[in-house]
Amino acid sequence: MVIVDNGFLYSDVSYATNVVLNGVYRIRELTEYYEDYNKHSVTKEQLNHHDEDILKDGQNEKDNTSHLYGLPYEVDYDLLYYHKDHVDLKDIFINNMVDLINNETNNLNSTQEGLLSIGLKNNDELMSFFAEYLCSQYNLQTSKDNSEFFKIFFSDKANATFHSFRDYVLKYTGENINNTLDTNINQAYQTFINNEKFLFKGKASYYKSLKENPNISVLPNLLRNNYSTLQKKYLVINNHSKKPMEDLVSLALELASPEMQHYRADNFGTIPTFKIKKEINNNDVISYCNKNPELCAIIRKIKPININTFLIKSQYSASYMETRLFLPSYLSDGLKRNSSVEFIDIIKNILDIEKIKTNDDNIFYIFYEYINIFIIILFFITIFLVLKNRKHPYLKVISPYLASLNLLGTIISLSFMFTYKYSQTRFLCRCSYIYKFLGINLSYLPIIAIIYRIYYIYTNISEVNYGKKVNDKRLLKNILIILFLSLFAIIFLTRNDNFGIGTFGVFFKQRISMCYYEQIFLYLFYGTVYSVFMFICMIVMTIKTIRVSRRVGEVKFILFIVLFLFVSLLYEYSFSFIGSFQMNTAVIYFITQNLYLLGILYYNYLLVGSRLIYILKHPIENGSFNGNSVTNDYFNITVNLVDFIPLKKEKKRKSIFFGNKNNNWYNSSFNTTNSNNKYYQNENINNYINNYINNYNNYINNYNYHQHQQQQHHHTLNQYNKTNYTNSATTVNNKEQQYGYLEAIDNDPNNYFFNQSLKMLTEQNEEEDYYYKNKSNEHLMNK
């Protein structure tokens, strides 16, 4: 069991949790250590003698339930004490008649040392003195919201207010401000009773000791304009105590009983928690006031200042714990150095959040955010271009829809920082983490799908019909299923967590709010395990694919995956620096975020950027291929393995994404024969594409004819194909016949196209390559 004042009881409570303070002490709320008296059948009659306001301040609303953690024990006020023979000096201070000080004190040898003795070395005393000055100087209503007043510290009047307070301290306490600010409460008390100073600001509970001192004659008085800081003390039971809890509750009720409060008031001069200001006819009040008439008269006139809630401008204002830790030291330092800059900065930070301003301290932070926004816009443009050119053979290899999903996941990951920092409600904070998890999935799943498609093709060579299993529609369907399942899983895992608004408070130059996850390290662990699992799957599929086919540029492909792993894990671990709650890691956080931006840019350049650049530099005439429109949906419903062949003629250059370590026959053999042939050096890319598709269509027609020769029982279809074979050269340019044939392929995409494409990829013998052999002979004959 402990006795705490109102400056500590709920001092950590605020809408925006200080993640540094909570992170250092590894606790979310002090109330986690408090025992709730309401759990122990404490009756209303047992608490009826307490002042309602004092009792209410011992309660805490949590989860829509009222909890009584603090049992009222005693109260105290700030008063002005003066020697009976110096009433005029008391009046000077009370009425703030500064001009009369020198005239009245010329013969008192106190002009250098001042009139007032006060222990401003004590932080609580300095805070109280500052609050009482503001209230009396600006006539603030302590029972009302004064948020409008505190706008003064965000205006040009802030500097004047600070220096006005400093002048006030100097004129009443002496010209040596360093000595004043280094005086503790005990020293101030001794100075007063030794008649070294004539006024003393102290607690009401000191009156019994001062009155009983035979060497002095002292009277209490209200401070200026009747304002006084109210200190309330409470009995709190540690819920981790090994003592029987019922015994501790009974003991606390006994200590807070009217009898015990009367006993402490009579013997120690403490102020009871009775309804002194409200119920004159209360027996307990009557008994106390009969013994202490001076104090009762003063208490009934006091305008109490609740110091723990005084400096609250908005819901984002600092908790009193944070205020108590930092504001007094900045105030004291500013008074000593006669400089208001640091104090104004700290009180503005404590009072409210601010927009990040562009200055030397924040220039890198602002620059990072603008770069982030620029990259997000760039990726949106990239998605548009990918979808616009999705039929282009040079983009088919990367599955445009899957690549676009991957880019969308990257955009979500990049924009997560904005939702993380600028979400203003607990609900939005919970949504922000789900949003982040969505980004992770959209980053990983499409890439896994692309790798799985290649893996499945190369590890199922013997299968005839496999196109339906790895086409885009099927893969997209599977991605959506996994995505919804994972989202349901993360919603389930986070259902009981405490999401809230957090802030670094005074540890940053300006108070900014962001989302706060109580289990942030647990979520980092989930994200890391999930990422590693995804990458293990990708690496395993890639290695197995390489073992089957050496035609894929395995080195670049593995490097591509490793790069993706690096930037993704870098992104996840950058948040651990925030979770460490150490400000010296903020620099490391920004470095890792910038490395992530560079890595993700290069990664997306390898994925789609280089291909888009090539397509934009080499546009296709009229936007279509002769004999096979790029807008034909035929490309949508099949897995076109033939598109794995690079669009442009390769000599010894590797493909960027699926770079071929060993050049294909056309590059290694045919290019050697024709290395000096101007026809190949100057061949227009559009003509090459058109010739490629036309020749390939001829090849399909020829092969189709031989296939249908073996199916004599299909008389009608056989007749159609004989005609088609006889006029193969004509059908290439005859759109109606060609589309009729292509429609047959579209209706049954697996009967030929995939098997023949697989054959073209796996044939190693150049004599078996029907298409390239004919093309080579054709050009040799033309030469």
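No value in this document is a laboratory result; all are computed from the given coordinates. These numbers were taken from a predicted model, which means no experiment stands behind them. Here Cβ is always computed from backbone atoms with ideal geometry, including for glycine, and neighbour counts include all displayed protein chains.
Legend: residue pairs LYS151/LYS421; LYS396/LYS473; LYS144/LYS348; LYS277/LYS313; LYS56/LYS348; LYS348/LYS509, Cα-Cα distance threshold 18 Å; pairs beyond threshold, LYS151/LYS421; LYS144/LYS348; LYS277/LYS313; LYS56/LYS348.
The slack in the chain from ASP333 to PHE488, taken as 0.36 nm per residue of separation less the alpha-carbon distance, amounts to 50.5 nm.
Here the dipole of segment 145-288 is about 200 debye; that uses its Cα centre as origin and unit charges on the Cβ of Lys and Arg (positive) and Asp and Glu (negative).
Sorting MET245, MET127 from the fewest to the most surrounding beta carbons within 10 angstrom yields MET245, MET127.
For the pair segment 400-445 / segment 252-319, the C-alpha centres are spaced 54 Å from each other.
Net charge within 13 Å of LEU325 by Cβ-Cβ distance, Lys/Arg positive one each and Asp/Glu negative one each, not counting LEU325 itself? Around LEU325, the charge tally is -2. Ordering 266-273, 45-52 by mean Cβ neighbour count within 10 Å, with the highest value first, yields 266-273, 45-52. Our note on the geometry: Cα centres of segment 372-399 and segment 188-205, 78 Å apart.
With the highest mean first, a sort of the peptides 409-422, 501-514 on other beta-carbon atoms found within 10 angstrom per residue produces 501-514, 409-422. When GLU29, GLU113 are arranged by Cβ crowding within 10 Å, least crowded first, meaning fewest neighbours, the order is GLU29, GLU113. Listing CYS289, CYS515, CYS431 from fewest to most neighbouring C-beta atoms within 10 Å gives CYS431, CYS289, CYS515.
For segment 235-246, the Karplus equation 6.51 cos²θ - 1.76 cosθ + 1.60, evaluated at θ = phi - 60°, returns couplings of 8, 10, 9, 6, 6, 9, 5, 8, 6, x, 5, 5 Hz by residue, with Gly and Pro reported as x. Legend: P(r) of segment 275-320 from all alpha carbon pair distances, 10 Å bins from 0, whole percents, reading 24, 33, 20, 19, 4.
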